[in-house]
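So the structure is just underneath, and the comments pick up after that.
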Amino acid sequence: MKNTHIKTELPGPRARALIARDNAVVSPSYARDYPFVMSHGRGAEVWDVDGNRFLDFAAGIAVCGTGHSHPAVVQAVKDAAEHFLHISSDFWHEGQIRLAERINEIAPMQGPVMSFLAQSGTESVEAALKLARHVTGRPRFIGFLGGFHGRTMGSLAFTSSKYTQQKGFFPTMPGVTHVPYPNEFRPLYAGSDQGRAALDYIEEVVFASNVPPAEVAAVLVEPIQGEGGYLVPPDGFLQGLRALCDRHGILLIFDEVQSGVGRTGKMFACEHWGVVPDIMTLAKGLGSGLPIGAAVAKKAIMERWPRGAHGNTFGGNPLCCAAALATIDLIEGGYRENAARIGDYFMRRLRLLADKYPVIGEVRGKGLMIGMELVTDKASKTPARALCETLLNRAFQNGLLLLSCGASTLRFMPPLMIGESDVDEAVTLVELSLRQALAAGAAPKN
Ligand code: PLP
């Protein structure tokens with residue numbers, strides 16, 4: 001099949017020239033998988049600087065939930081920019097107040113919440129950790145292996161989805177104890193209920209032998225593990241975590257940076273299990289691409305840190321707040337339901353592929369947060385890393401932007417406004433790319 005949207009070799013001449021300039025002056029630390037150089041985007045389509053058109057099922061790492069440059073978001077940002085670009089969090093403005101009010105309306109917690117506004121996921125996590133320490137007076141935390149929470153020294157202390165994120169940066173913030181996240185596809189704990197086993201491990205091993213629970217400020221967890229492999233926890237796990245925290249006076253922090261704001265077909269992923277956190281972190285999809293994050297906490301918790309305890313310069317930036325308000329309206333106005341409906345359709349189509357190809361070990365997810373794990377064979381479940389890498393590159397050559405996660409999982413996190421025809425195009429390109437990768441001998445080897 002010839003993809004008529006790709007008009008040049010990839011990367012094309014303009015992309016090559018820009019990448020050469022970038023190589024000279026931009027930090028090489030960014031993890032870039034293939035040479036896509038953006039020109040512009042609309043909805044779920046993006047064009048590179050050589051005029052090639054791609055279907056974007058990465059959405060800027062689950063950020064552009066409303067699609068690229070949604071007119072309502074662009075208009076809201078333009079309107080805000082006409083008034084002022086910045087005032088700093090030392091002062092008040094209505095956009096910030098309206099956004100905090102709106103978050104209070106949609107937050108899963110019962111009762112009022114307050115928000116600390118930031119610019120990114122990692123900064124939201126830092127705020128949540130500082131708040132938890134401040135109000136509990138406790139020094140320790142529990143985190144999960146495979147988790148990703150950011151790359152600053154506090155959030156990095158929890159991040160453990162890839163070795164390269166840690167190597168060379170120790171010591172990070174002390175006091176974090178990691179426990180395995182329940183993984184039903186590749187069980188780490190003995191027994192059939194991986195969720196129960198994970199909870200028992202915390203209670204009966206970690207708390208009994210090493211970490212006094214009375215010293216633990218909070219448990220930080222992704223309700224669906226993102227960078228670690230798009231792992232959906234078994235039913236009962238988050239409920240059990242809530243009960244465990246309540247037993248010991250520990251705060252429960254849900255990191256909804258990737259899974260929040262409609263991505264999973266609910267406003268927040270934790271709503272799939274009806275479990276309510278004490279503190280929740282947001283970023284990514286909240287601003288449709290404008291850099292905004294939030295640490296959201298029950299009012300009874302956040303009202304306890306005093307003036308000056310935490311702050312920033314750019315928090316509550318008026319353009320970001322305007323983008324977030326427009327985004328929430330769009331998500332509530334139909335994109336959340338669309339994510340649930342199209343996500344089901346997409347998952348069904350990918351599962352049909354999994355029936356055909358022994359290298360697709362599992363398709364899992366909720367809404368439009370879907371992972372497809374590649375394995376050498378279904379019996380051994382050995383991660384097929386090389387195949388995953390080749391498939392990503394083939395997909396790019398074929399006009400589809402994807403990213404990976406975990407050891408060998410392709411993740412699909414398209415804009416939430418896509419339709420069935422976008423899914424059909426993506427699945428066709430995934431299958432084509434998979435066949436090419438297998439034919440090229442990228443082998444289902446490890
Ligand atoms: N938390 C989760 C669950 C994430 O997926 C990420 C980023 O991928 C972060 C935090 C960090 O966000 P940022 O890259 O905006 O700092």
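What follows draws every value from the coordinates through simple rules; no lab data is involved. The structure displayed is predicted, hence computed values, not measured ones. Counting neighbours? That spans all protein chains shown, and the Cβs are built from the backbone with ideal geometry, glycine included.
Relative contact order of segment 71-331, please, whole-number percent, based on alpha carbon pairs below 8 angstrom and at least 6 residues apart.
With pairs under 8 Å counted, the relative contact order is 31 percent.
Residues Tyr230, Tyr30, Tyr189, ranked from the fewest to the most other C-beta atoms within 10 Å, line up as Tyr30, Tyr189, Tyr230. The Glu215 and His134 beta-carbon pair, evaluated with R₀ = 22 Å, returns a calculated FRET efficiency of approximately 0.90.
By count of other Cβ within 10 Å, fewest leading, how are Tyr181, Tyr201 ordered?
Details: Tyr181 23, Tyr201 16.
Going from least to most buried by this count: Tyr201, Tyr181.
Summing Cβ point charges (Lys, Arg +1; Asp, Glu -1) relative to the Cα centre of segment 71-331 gives a dipole of roughly 420 debye.
Sorting Cys245, Cys405 by the number of Cβ atoms found within 10 Å of their own Cβ, with the fewest placed first, yields Cys245, Cys405.
Listed by number, the DSSP H helices of the chain that run 15 Å or longer by alpha-carbon position along their axis and have mean Kyte hydropathy of at least 1.0 are 318-330.
Taking label positions 7 Å along the Cα-Cβ direction at both Thr313 and Arg98, the computed distance is 2.7 nm, reported to one decimal.
If R₀ is 60 angstrom, what is the calculated FRET efficiency for the pair Arg247 and Ala20, using the beta carbon separation as r and rounding to 0.05? Don't skip to the end; give the middle numbers.
Working: r = 58 Å, r/R0 = 0.96.
Taking R0 as 60 Å, the efficiency between Arg247 and Ala20 is 0.55.
DSSP beta bridges in segment 250-315, what fraction antiparallel, as a percent rounded to 5?
On the way: 4 of 8 bridges.
Counting only bridges with both partners in segment 250-315, antiparallel ones make up about 50 percent.
Amide H to amide H, with H built 1.01 Å from N, Glu362 comes under 5 Å of Glu373, counting only residues 5 or more places away or on other chains. Our note on the geometry: Cα centres of segment 375-427 and segment 10-75, 18 Å apart.
Modelled this way, with points 7 Å down the Cα-to-C-beta line, the labels at Asp329 and Val74 are 1.7 nm from one another.
What share of the DSSP beta bridges in segment 71-331 is antiparallel, in percent to the nearest 5? DSSP beta bridges in segment 71-331 are roughly 40 percent antiparallel. Beta bridges assigned by DSSP with both partners in the chain are antiparallel in approximately 65 percent of cases.
The simple Förster model, with R0 at 30 Å and r as the Cβ-Cβ distance, assigns Ile87 and Lys299 a FRET efficiency of 0.75. In this simple spin-label approximation, Tyr30 and Glu271 carry label points 7 Å from Cα along the Cα→Cβ vector, and these lie 3.3 nm apart.
Count neighbours as other Cβ atoms within 10 Å of each site's Cβ, and list the GluC sites (Glu not before Pro) in segment 368-432 that are DSSP loop with at most 12 such neighbours. Could the numbers behind the result be given before it?
Details: sites: Glu373, Glu389, Glu420, Glu425, Glu431; in loops: none.
Here no loop site has a sparse enough neighbourhood.
Per residue, the average separation of C-alpha pairs within less than 8 Å and at least 6 apart gives the chain a relative contact order of 21 percent.
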